[in-house]
Amino acid sequence: MKKALGIDIGGTKILYGIVNENGEIVSEVKKTFTPKTADAIFSTLKTIIDEHYTEIEVVGLSSAGAVNLENTKVLSSTPNLPDGYNQIDFSALCDKKVYVENDANCACAAEYKNGAGKGFNTVLMITIGTGIGGGVISDGKLFRGAKGNALEVGSMKIFADKRQKCTCGRYDCWESYASGTGLKNCATKGAKEYPEFRESIYKDKQPDEITTYDITDGIQKGDAYSIKVFNQWMEYMYVGLVSLTDIFNPDCIVISGGMCSFVDTEMLEQKINAESVVTDVKVLRATTGNNAGMIGAAVLAFG
Ligand SMILES: [Zn+2]
């Protein structure tokens, strides 16, 4: 069976390992800190590839940012990676095929091949962290769009009347309501608007000091304000997901990312199926975790 080197380039660390065609990791997963300059990132990647050169057919790289159509460069500026990063031509790293893809698309491929989406034909993956990312695979093929930047679902607008400014500078992006940042925004707004806040365990805090941790902890403690904030957050998530279900008609939606353990997948599945005009969809939690980027990049590199 063919083998790929899967490399996940994060803002603080680079993860790598050998992945087979079934999307299984067949080596130890190694980790190194992400260097502070673009040149140093290039040479670190080169060293990692040289170490494994004889064992592998292809190299798959997972990175934040928008990737070009040729899958050789990251075009957009990536806030957690150094200046010059978007000048790197990853195909120059070695004479074997080197394939770079956006991290959300890689996570989608990982879940499709060997995660919660395994066995399904059409998988929509939504990653919920500080922001929201997404990917779609149908018939084994990643949907990339005209320039390779499809599924920027976090920027999808859910209101037209400029209710809330997003960190990107635009208004009413889905991610300003339904991401981790969105949950915090719901908490701040709820503290000002919900009568339950006056009886809440957080009543002595300033509205903008309440954290996402406070809300998830408050739910465990049965705090009525926290429960109301959480339900509002789920409502925003549902609104985006039901539209995406109608657009892509997926067999399943896989929820991944730092916030995924807090998401009520059962409730979302019921509500989406009650409202969507397309046939039934499953809502599942991702299973590939921290290995998603590595596995997905390798799977996509095989092509
Ligand atoms: Zn935005």
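Two decimals is fine: what's Rg over Rh for the range 106-172, C-alpha atoms, Kirkwood radius as Rh?
Numbers: Rg = 14.1 Å, Rh = 13.3 Å.
Result: Rg/Rh = 1.07.
Step through the residues of the range 14-23 one at a time and calculate ³J(HN,Hα) from phi using the Karplus curve (6.51 cos²θ - 1.76 cosθ + 1.60, θ = phi - 60°), rounding each to whole Hz and writing x for Gly and Pro.
Running phi through 6.51 cos²θ - 1.76 cosθ + 1.60 with θ = phi - 60° gives 10, 10, 8, x, 8, 10, 8, 5, 8, x Hz.
Which value at 222 nm does the chain reach when only helices count, each DSSP H run of 4 or more adding -39,500 (n - 2.57), with the total divided by all residues and rounded to the nearest 500 deg cm²/dmol?
Values: 8 runs with 101 residues, N = 303.
Per the formula, -10500 deg cm²/dmol.
In whole Hz, what ³J(HN,Hα) sequence does the range 149-157 give by Karplus (6.51, -1.76, 1.60; θ = phi - 60°), x for Gly and Pro?
For the range 149-157, the Karplus-derived couplings read 10, 5, 6, 7, 5, x, 8, 5, 7 Hz, x marking Gly and Pro.
State to the nearest 20 debye the size of the charge dipole of the chain about its Cα centre, where the only charges are +1 on K and R beta carbons and -1 on D and E beta carbons. Working shown, then result.
Numbers: 31 positive and 38 negative charges, 80 e Å.
In total the dipole reaches around 380 debye.
Rg to Rh for the range 153-285: what is it, with Cα atoms only and Rh by Kirkwood? Kindly include the intermediate steps, with their values, before the conclusion.
Details: Rg = 15.2 Å, Rh = 15.4 Å.
Radius of gyration over Kirkwood radius for the range 153-285 works out to 0.98.
Can you tell me the alpha carbon radius of gyration of the range 1-121 divided by the globular rule-of-thumb value 2.2 N^0.38 Å? Don't skip to the answer; put the middle values down first.
On the way: Rg = 13.8 Å, N = 121, 2.2 N^0.38 = 13.6 Å.
Rg over 2.2 N^0.38 Å, computed on Cα atoms: 1.02.
Quick check for me: using +1 on Lys/Arg Cβ and -1 on Asp/Glu Cβ, what's the dipole size of the range 185-303 about its Cα centre, in debye to the nearest 20?
On the way: 10 positive and 17 negative charges, 34 e Å.
Here the range 185-303 has a charge dipole of around 160 debye.
Whose amide H sits under 5 Å from the amide H of Ile158, counting only residues 5 or more places off or on another chain, with H placed in the peptide plane?
Trp174
Hey, quick one: spin label on Arg163, modelled 7 Å out along Cα-Cβ, who in the range 115-144 has an amide N within reach, i.e. under 18 Å?
132
Can you pick out the pairs among Lys3/Lys31; Lys147/Lys271; Lys36/Lys184 whose Cα atoms lie more than 26 Å from each other? Walk me through the numbers on the way to the answer.
Working: Lys3/Lys31 19 Å; Lys147/Lys271 33 Å; Lys36/Lys184 30 Å.
The pairs that break the limit, which is 26 Å between Cα atoms, are Lys147/Lys271; Lys36/Lys184.
Quick one: which residues, 5 or more positions from Leu284 or on another chain, have an amide H under 5 Å from its amide H? H modelled 1.01 Å from N in the peptide plane, none for Pro or chain starts.
Amide H to amide H, under 5 Å and 5 or more residues apart or across chains, Leu284 pairs with Ile253, Val254, Ile255.
To the nearest whole percent, what portion of all C-alpha pairs in the chain is separated by more than 29 angstrom?
Cα-Cα pairs of the chain separated by over 29 Å account for 38 percent.
The numbers here are math on the coordinates, done by the rules we state, and not lab data. If you're wondering where the values come from, they're calculated on a predicted model, not measured in any experiment. Here Cβ is always computed from backbone atoms with ideal geometry, including for glycine, and neighbour counts include all displayed protein chains.
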